[in-house]
Amino acid sequence: MTQTEQNSAVRTNQIEVLTEHFMTAGYPPIPARKLAEDTVAEAEARGAAEQRRKEAEGYGTPVYQWRLTSDDNWVTAVDAEELGQVQNGYPASETRTLYTRPANVAALEARIAELEAENSTLKRRVINAAENLLSIETPCMKGDNFAVTICSHFEDCEGEPCDNGWHPKATEAYEEIKTAIARHFRAALTREGGV
């Protein structure tokens, strides 16, 4: 039996089984068959799309590797059938799949560029969030915002004022606190899968 004939037989079997299930669920025979055919066609389309995606990313024919324990060397098998023979009745063994064709470098580079741009955007948002946090005002600050409160606390009037009007110690404290807030946000986002 050729691969095409085998695929056709499997497809026919899937449609028949699904038709029976739909009829058991109360569908009349003809709509049950149509629904089964549509369901199988949809699954095939998803599989074909996934295969096209894999091919675009450069995945090739898989090669399997197997070992009984983490201390053993890997044994290579060229297909799933050979893997079964190599494993020789040790189902609890460890296996991994390798791909023999090199990756589509252009597609990977495009994805890396996309992720780097997203990462830069998120980093800017973290810095903006830290600056926005420093602009918070509460009644206990008596009309000042958090940034002014920080600078006022560390203002020592020593040396020449910076361009912002505050002396170096106050400006340094402001920048240190802003950086710490941004680091805190970045760490929280990293834990959640962000920056």
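Numbers for the structure displayed
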quantity: Hey, T179 out of contact with any strand residue (DSSP E or B) (no Cβ under 8 Å at 6 or more places or on another chain) and modelled with pLDDT of 75 or more or not; calculated: yes
quantity: Criterion violated by A180 - all others in (1) in contact (Cβ under 8 Å) with a residue 12 or more places away in the chain; (2) surrounded by fewer than 14 Cβ atoms within 10 Å (Cβ to Cβ); (3) closer than 27 Å to L122 by Cα satisfied; calculated: (1)
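The values are calculated or read from the model by the stated rules, or taken from the named source; none is laboratory data. If you're wondering where the values come from, they're calculated on a predicted model, not measured in any experiment. Every residue, glycine as well, gets a Cβ built from its backbone with ideal geometry; the counts of neighbours run over all protein chains shown.
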